[in-house]
1. What is the number of the single condition among (1) more than 16 Å from ligand 2 (Cβ to nearest atom); (2) under 24 Å from Gly190 (Cα atoms); (3) surrounded by 18 or more Cβ atoms within 10 Å (Cβ to Cβ) that Ser8 does not meet?
2. Quick one: how many residues across the stretch 47-71 are among the basic types (Lys, Arg) and touching a strand residue (DSSP E or B) at 6+ places or on another chain (Cβ under 9 Å)?
3. Can you find a residue in the stretch 12-31 that is among the acidic types (Asp, Glu), away from ligand 2 (no atom under 12 Å from the Cβ) and in a helix (DSSP H, G or I)?
4. Within the stretch 23-68, how many residues are away from ligand 1 (no atom under 16 Å from the Cβ) and within 20 Å of Ser203 (Cα to Cα)?
5. Filter the stretch 133-155 down to residues that are more than 10 Å from ligand 1 (Cβ to nearest atom) and farther than 18 Å from Glu92 by Cα, then give me how many there are.
6. For the stretch 178-196, give me the residue count where each residue is crowded, with 24+ Cβ neighbours inside 10 Å and either hydroxyl-bearing (Ser, Thr, Tyr) or touching a Ser or Thr at 6+ places or on another chain (Cβ under 8 Å) (or both).
7. Looking for whichever is surrounded by 18 or more Cβ atoms within 10 Å (Cβ to Cβ) and either of a type outside the set (D, E, K, R) or out of contact with any Phe, Trp or Tyr (no Cβ under 7 Å at 6 or more places or on another chain) (or both) here; the options are Pro141, Pro120, Pro50. Which one fits?
8. Quick check on the stretch 141-186: of everything there that is touching a residue at least 60 places away in the same chain (Cβ under 8 Å) and among the charged types (D, E, K, R), which residue is farthest from ligand 2 (Cβ to nearest atom)?
Amino acid sequence: MEIKVSPSLLSCDFLKLGDEINRAQNSGSDMIHFDVMDGMFVNNISFGIPLLAASKKCAYIPLDVHLMINEPIRYIDAFVDNGADIVTFHAEACSNVTAVIKRIKSRGVMAGIALKPNTPVDSIVEYVKLVDMVLVMTVEPGFGGQSFMYETMDKVRTLRKYSDDNGLSLDIQVDGGINADTVSAAVEAGANVIVSGTYLFKSDNMAGEIRKIKALK
Ligand code: DX5
Ligand code: ZN
C-alpha cells in the first residue's frame, strides 16, 4: 500500500502557522494532522475550531483531524463545517460509537476510529467495516515528544490481517513517537498512514525525511 505522511501541527511553530502548513504541504505531505484536546479525555488542551478554520485558508491537502475529546458527537458538525476532511475520534470517548461514525459519514468526509495503547482491537472490530481508517496510538495521547511503544505493533498486525482477510484495504494510522528509527517497525507491521510531529517539524529537511518514510515498504 502507498505510504501517506501526516505531519502533526502540535509540534509546529504556532507563531508561523501559515508558513508551517506550507512547509508541510510543500514537503510532500499527504495530509496535515490536527490534534484537538479537551483537557478531559486527555490531560492537555491544544487548539480547536478557530485554528482549524484558519488552517483551512492555506491548506491545499486534506486536514486530518484527531479528536481527543469526550463525546465527540457534539462537535462533528462544527469540525466538518470548519475544514476537517478526515475526522478521527477515540472509541473510549463515546457512549455510542455507531452514532459518531454515522454522523461523520453523513457529512461526506472520512471517518477514523482511534485506540489508546491499552485498548484492544477486539473492542472495535465490529466497527472496522464502517470506517475508512483506524488510528493505533503508539503513545498515550495528550502530548508530543513521547517514546514509541513497540508493543502496540501487535494491534497494527491484527488490523492489517483483518483488513486483508476481509478485502478492505483499510488505512491504518500510527501516531506518537514516530521518527527515522521507529517508523520502519510501524510500516513492517502494516501501518500505511504515518503521523509525526516532533521529528518532522523539528527537522530542517522535512522533504527529505518524508521521502525516506515514503520509500519504506
Ligand atoms: C499526541 C498526538 C500526536 C502528537 C505526536 O496525543 O496525537 O499527534 O502530535 O507527536 P510526536 O510525533 O512528537 O510524538
Ligand atoms: Zn494525533
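1. (1)
2. Looking only at the stretch 47-71, we keep the residues that are among the basic types (Lys, Arg), and these are 56-57.
If we keep only those that are touching a strand residue (DSSP E or B) at 6+ places or on another chain (Cβ under 9 Å) as well, we get 56.
Residues that pass the stated criteria total 1.
3. Within the stretch 12-31, one or more residues are among the acidic types (Asp, Glu), away from ligand 2 (no atom under 12 Å from the Cβ) and in a helix (DSSP H, G or I).
4. 3
5. Here the count works out to 5.
6. Here is the first cut: in the stretch 178-196, the ones crowded, with 24+ Cβ neighbours inside 10 Å are 178, 186, 191, 193-196.
Within this subset, residues satisfying the condition of being either hydroxyl-bearing (Ser, Thr, Tyr) or touching a Ser or Thr at 6+ places or on another chain (Cβ under 8 Å) (or both) are 178, 186, 193-196.
Of the residues in that region, 6 qualify.
7. It is Pro141.
8. Of everything passing the filter in the stretch 141-186, Asp171 is farthest from ligand 2 (Cβ to nearest atom).
Read-outs throughout are calculated quantities, based only on the coordinates presented, and are distinct from any laboratory measurement. For clarity, every value in this text was computed on a predicted model and none was experimentally measured. Reconstructed Cβ throughout: ideal geometry from the backbone, glycine too, with neighbour counts over all protein chains shown.
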